[in-house]
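Colleague: Dropping a structure here in structure tokens format, bear with me for questions.
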Amino acid sequence: MEYQYPIDYDWSTEETVDVIQFYECIEKAYEQKISKNELMEAYRRFKKVVPGKADEKKLTDEFEEISGYSAYLAIKKAKDSDDGEMISLSAGKK
């Protein structure tokens, strides 16, 4: 898909990469499969860059609006899954 990821231009290059990798993991959960561990590690790095709930919601809502992929649903499914389990939301795309 061709769209721009929601980012903050005040972030460092490393922070921007971490956030983009998180978005890519969400895409992977919908388009293929991703391990719970990989998704949750990307989420932990994302949360270091975006620690506030309001900022997280703003960014993930923007991402969902442009991509159709819900970070909330992907993270919820990962949290409800066993370690090492593969996460796939392909049937859940809006």
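Bear in mind that the values in this text are calculations on the coordinates, not laboratory data. Bear in mind that the values here come from a model prediction, so they are computed numbers and not experimental data. Here the Cβ positions follow ideal geometry from the backbone for every residue, glycine too, while neighbour counts run over all protein chains shown.
Colleague: Given contacts defined as C-alpha pairs under 8 Å and at least six residues apart, what's the relative contact order of the chain, whole-number percent?
Modeller: Relative contact order comes out at 39 percent.
Colleague: Local charge sum around residue 8 (other residues, Cβ-Cβ under 9 Å, Lys/Arg +1, Asp/Glu -1)?
Modeller: -3
Colleague: Work out how far the C-alpha atoms of the stretch 1-54 reach from end to end along every principal axis, then list the three figures in whole Å, largest first.
Modeller: Cα spread of the stretch 1-54 along its principal axes, largest to smallest: 32, 26, 21 Å.
Colleague: Let me ask something else about it. Output needed: percent of Cα pairs per 10 Å distance bin for the stretch 20-80, bins running from 0 to the one holding the longest distance.
Modeller: P(r) over the stretch 20-80, rounded to whole percents: 24, 61, 15.
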